[in-house]
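Take a look at the structure set out below.
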Amino acid sequence: MTLRRRPKVLWCYDHVTARAQEPRLLQEAGFSVILSSGDTAGVVVEQHYHDEGDLWFPDWRRDLRMSSADVEVIRRTPIAMSGGRPLGPERELINAYVDAIVTVADPDVIAGLAEWYRGTVVWRVNGVTDVDGFRSKLAALAIVAEKLGPRFVYTAGMPNLIPDAGKLNEHAILLPVYVDAARLPFEWLRRHSRAVVATAISHVSESQFFRRQLDELGDLDCEILGQNDPGGPSGSDRRVVGRLPRGQLYSRIASARVFLDSADRAEHIVFPPLEAMTIGTPVLFPEAGGLASMARDSGVRDKELVAAGMFSGDVRHRLAPLMHNFDELEAIARNQREIFLDGVFSFQRALASAQALRELVKTRVKKINPTLWARRWLRPNQCLSQRAPPSVPVVSRLSGGEAYLPGRFVGVHELRGQVGRLEGGSGGLVRRSVVPGRDGPGVLVGDYVPAGRPGERLVIEITADGVGDFGSVTYDVAGAQRLTRKIASYAAGPVRFEIIIPSDFHGARAELTIEWAGSLGGALLRCLYLPGVK
């Protein structure tokens, strides 16, 4: 039987950079990709994560041939946040269409999938920092892999993350990371660059190795561009720039003199140093880190790695003489491009692995469940979903998705809008903030929320930073009933609304709309379902 259709993969990996390019890799390898929007707990600080018009959003819809209504139900289905056990209708739809699920979820989630999913589970990992914790996770994962058998594929970005023996080794594919140069329209400024050392380490206060590196840098100018609060834990460290929009992040890397990789384990590899190399900025990397480890596994000698930016010991001894030696800096940039971008982490190497994965998925689906493989090829206008009829329009590039969380709690980061930004609040809460003068009026929240049960109360709490007008809250039940509450001229503080789900409401989607008039700052703090009043 020849392959006349592309295997479909559901991408459930919430890593922002990986999502920006690995779906394209799978498409080039012969997959069709459905990009999940149901599991986003790890990206609460990414403002444009759901904006498909954003420069770094993959064009995943380009070769997907199926009903848009079915696509939206599938992609809004939470895998990790439901413990691998989503609701019944979603299960049927996923089994009907999806040949493989790519996820980095914990072993208990994979165990949940094993109970009902008939396709291939592809577990993806690029690099790790906690090696002992990772070993424990692999031990639990091996038990689940035993149950899934040939329907489990372990894909690791580094060979030293693949066990020497056992079920995980039996079903393993080395799928190295790569950087898509097309998404980085930046170029190192060379002799016009700033005499600054840039790095993108996140959670700076948690890394002893990185704190030691900072001490070694001494009085050299340094910019820390990772996921941190500006100013660091103390709020006064000028070196900690903190979170930046991606355009500003890459612009800073392009204008820096040198980029410093702070991955201190052979099992640890991250995207920023490879992105810096792609931009052309010279990268210095420790001999104990993942870049050196991968290069050695590919046969590169230490002498060549030193010429491509590897250092040992005190980083300042290697770095200080380079800050104004542009000939050596440009030589390092050339060498690391040849070794890393054109070799160890090349697109062609990753593509070959992705093509091997496609053949594995295609063969196993047809062998394990040939009936499923035969019935799933529907015409694009056909729709299997009863929850989302064919009349539902194609979801636009700015509209939201359904969020289902255990415990009936709807996270703020799951509810998308067109104005405002996500930021950390007190007590670890995430809030969507809007500021007069910086944000124009618009939709603060315009999204689908989980289906309420008859008699339940949907509770919405909005905290206003001052007196003003939020417009109205609309809860649209099944497209037939619109329940509206006006929010105007309230005093500063929390505003609470409760909407009782009608008794004849059974499982249809509901849309929550909150309009901001632009006259005050505020945040949507909480949205959850509570039992009905007895």
Do we find a residue being touching a Phe, Trp or Tyr at 6+ places or on another chain (Cβ under 6 Å) and without any contact (Cβ under 8 Å) to a residue 60 or more places away in the chain anywhere in the range 284-297? yes
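The rows are residues; the columns are (1) modelled with pLDDT of 90 or more; (2) open to solvent by 10 Å² or more (accessible area, probe 1.4 Å); (3) over 18 Å from I143 (Cβ atoms).
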site: S68; (1), (2), (3): no, yes, yes
site: I74; (1), (2), (3): yes, no, yes
site: A80; (1), (2), (3): no, yes, yes
site: P89; (1), (2), (3): no, yes, yes
site: D99; (1), (2), (3): yes, no, yes
site: E115; (1), (2), (3): yes, yes, no
site: V121; (1), (2), (3): yes, no, no
Requiring at least 1 residues that are small (G, A, S) and in contact with a helix residue (DSSP H, G or I) (Cβ under 7 Å, 6 or more places away or on another chain), the strands (runs of 3 or more DSSP E) wholly within the range 100-178 are 100-103
Counting only residues in the range 49-65 that are out of contact with any helix residue (DSSP H, G or I) (no Cβ under 8 Å at 6 or more places or on another chain) and at pLDDT below 75, the one surrounded by the most Cβ atoms within 10 Å (Cβ to Cβ) is identified as H50
*Is it fair to say T155 is over 18 Å from L360 (Cβ atoms) and among the β-branched types (V, I, T)?*
no
| query | Would you call E267 under 24 Å from H192 (Cβ atoms) and among the acidic types (D, E)? | reply | no
Note: among A182, A200, just one is within 28 Å of the chain's Cα centre (by Cα), among the hydrophobic types (A, V, I, L, M, F, W, C) and crowded, with 19+ Cβ neighbours inside 10 Å, namely A200
Residue count, the range 143-173, condition touching a residue at least 40 places away in the same chain (Cβ under 8 Å), surrounded by fewer than 17 Cβ atoms within 10 Å (Cβ to Cβ) and over 21 Å from D132 (Cβ atoms), comes to 2
Against the definition (buried (at least 17 other Cβ atoms within 10 Å of the Cβ) and part of a loop (DSSP other than H, G, I, E, B)), how does F259 come out, yes or no? no
Flagged in the range 314-343 as modelled with pLDDT of 95 or more and buried (at least 19 other Cβ atoms within 10 Å of the Cβ), in numbering order, are L329, I332, A333, Q336, I339, F340
Residues of the range 217-244 being within 25 Å of A333 (Cα to Cα), open to solvent by 50 Å² or more (accessible area, probe 1.4 Å) and either modelled with pLDDT under 85 or not acidic (D, E) (or both), in sequence order, are D219, R239
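The values are calculated or read from the model by the stated rules, or taken from the named source; none is laboratory data. Quick caveat: nothing in here was measured; it's all calculated off a predicted structure. With ideal geometry, Cβ positions are generated from the backbone for all residues, glycine too; neighbour counts draw on all protein chains shown. SASA here: full protein model, heavy atoms, side chains in, ligands and nucleic acids out. Shrake-Rupley method; radii C 1.70, N 1.55, O 1.52, S 1.80 Å.
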